[in-house]
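Report on the following structure.
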Amino acid sequence: MGPFPVDDLRREFPALGQAGDFLFFDNAAGAQIPDTVLAAVTDHLVSRNVQRGGPYGRSQEVDAMIVRARAAVAAFVNAPSATEIAFGLNATSFIRSISLAVGQTLDRRAEIVVSDMDHEANIATWAALERSGARIVWWKVREDGCLSVSDLEGLLSDRTRLVACTMASNATGSLVDVKAVARFAHAHGAEVFLDAVHFAPHGPIDVQGFDCDYLVCSGYKIFAPHMGFAWCRTDAINRLPTFREDFIPDVTPDKLEAGTYVYENVAGMEAVIHYLERLGRRATGESGTDRRTAVRTAMEAIAAHEKTLSAELLDAVESIAGARVLT
Ligand SMILES: Cc1ncc(COP(=O)(O)O)c(C=O)c1O
């Protein structure tokens with residue numbers, strides 16, 4: 001692609017065009033939204049703002065959009081099957097739903113490993129299981145601000161039910177070697193639950209490569225409106241007693257989708273993946289690049305550009321008297 005096309009891309013974000021001198025520098029608040037995503041949300045609300053599952057055309061269009069959105073998000077996380085994608089309100093509510101279900105399956109494997117580098121969403125949800133007999137085992141950050149998988153090894157045993165950890169700290173950005181986490185956890189028969197919320201805007205996700213069992217993410221951090229999604233390995237999630245209304249099938253893709261969610265935001269999420277595909281094909285220079293490769297390439301291009309921005313930022317910070325940059 002050559003240099004990252006910042007100016008072209010900025011023009012696709014109406015919020016940036018009218019921001020004046022306001023800087024969207026609140027990382028946790030999420031990303032701004034490209035015009036194609038806004039158009040998809042509007043089109044949904046104008047053309048098919050009805051409930052899904054009905055026997056009439058507009059309702060069937062909603063069903064078809066959800067099927068397409070699952071396939072699109074499956075490409076984003078490299079899921080083996082689109083039916084493994086569930087949509088909902090946000091990452092926290094998915095962590096809560098899955099943890100409540102896990103809490104009902106505890107036997108002599110009742111230990112949950114939680115890291116103190118995680119966001120409260122991936123700590124408090126699991127800690128709440130202590131009321132159901134779980135024992136929380138803390139995986140602690142080292143002096144250097146990182147989680148070391150060699151520390152994790154000593155915490156695992158045949159009593160470990162699951163390891164819950166983030167892919168990247170939302171406070172410092174430090175990364176976790178999640179492949180190694182899965183290798184160690186699986187060697188002890190435990191499952192791995194990844195919080196990809198903070199990592200997702202900054203690099204490609206590959207659930208097959210990571211070999212994790214569950215992964216949650218927030219669409220609003222990656223150019224979608226406020227919504228969340230989860231990927232769960234089919235056999236892992238279908239074994240759990242998740243909550244849904246009685247008329248909703250007790251298997252994927254419905255397994256985690258209780259009630260109505262915000263369909264227009266799911267339509268927006270589908271459009272995000274199209275946006276990333278276009279960016280990835282621009283980077284490869286080949287219009288025929290397959291969807292997964294295009295999305296992965298887009299995320300790699302974003303990550304490479306961010307590296308140049310953070311290098312500039314760190315240089316500037318280092319020049320401030322008294323500031324210390326920890327690398
Ligand atoms: C690492 C991490 N996990 C979880 C969450 C919560 O995500 P959500 O707002 O989708 O519930 C956040 C929110 O900023 C986060 O940074």
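Below are the figures for this structure:
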quantity	calculated
Some residue of the range 119-131 being charged (D, E, K, R), within 16 Å of the ligand (Cβ to nearest atom) and over 26 Å from Gly209 (Cβ atoms)	yes
Answer residue from the range 94-108, given it is crowded, with 17+ Cβ neighbours inside 10 Å and within 15 Å of the ligand (Cβ to nearest atom) and is nearest to Tyr220 (Cα to Cα) among those	Phe94
Residue that is crowded, with 20+ Cβ neighbours inside 10 Å and over 14 Å from the mean Cα position of the chain (by Cα), where the choices are Ile237, Ile222	Ile237
Matching residues in the range 74-93 - criterion: being in a loop (DSSP other than H, G, I, E, B) and either within 16 Å of the ligand (Cβ to nearest atom) or within 16 Å of Val197 (Cβ to Cβ) (or both)	Leu89, Asn90
Residue pairs meeting the criteria (Cβ under 8 Å; at least 6 apart or on separate chains; first under 16 Å from Asp254 (Cα atoms), in the range 91-112; second more than 15 Å from the ligand (Cβ to nearest atom) and of a type in the set (A, V, I, L, M))	Ser97/Ala258; Ile98/Ile237; Ile98/Leu240; Ala101/Leu240
Given (1) within 11 Å of the ligand (Cβ to nearest atom); (2) without any contact (Cβ under 8 Å) to a residue 60 or more places away in the chain, index of the condition Leu152 fails	(1)
Subset of the range 272-288 (residues that are free of Cβ contacts under 8 Å to residues at least 60 places away in the same chain and at positive phi)	none
Single residue of the range 51-73 satisfying the filter (crowded, with 16+ Cβ neighbours inside 10 Å and small (Gly, Ala, Ser)) that is farthest from the ligand (Cβ to nearest atom)	Ala71
Contacts under 6 angstrom Cβ, first residue in the range 68-86 being modelled with pLDDT of 95 or more and of a type in the set (Lys, Arg), partner buried (at least 17 other Cβ atoms within 10 Å of the Cβ) and outside any strand (DSSP E or B), 6 or more apart	Arg68/Glu270; Arg70/Ala82
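To keep it simple, each residue is scored yes or no on (1) modelled with pLDDT under 95; (2) charged (D, E, K, R); (3) part of a loop (DSSP other than H, G, I, E, B).
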| position | (1), (2), (3) |
| --- | --- |
| His274 | no, no, no |
| Ala283 | yes, no, no |
| Ser287 | yes, no, yes |
| Thr293 | no, no, no |
| Ala323 | yes, no, yes |
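The values are calculated or read from the model by the stated rules, or taken from the named source; none is laboratory data. On a predicted model such as this, the values are computed, not experimentally measured, just so you know. Every residue, glycine as well, gets a Cβ built from its backbone with ideal geometry; the counts of neighbours run over all protein chains shown.
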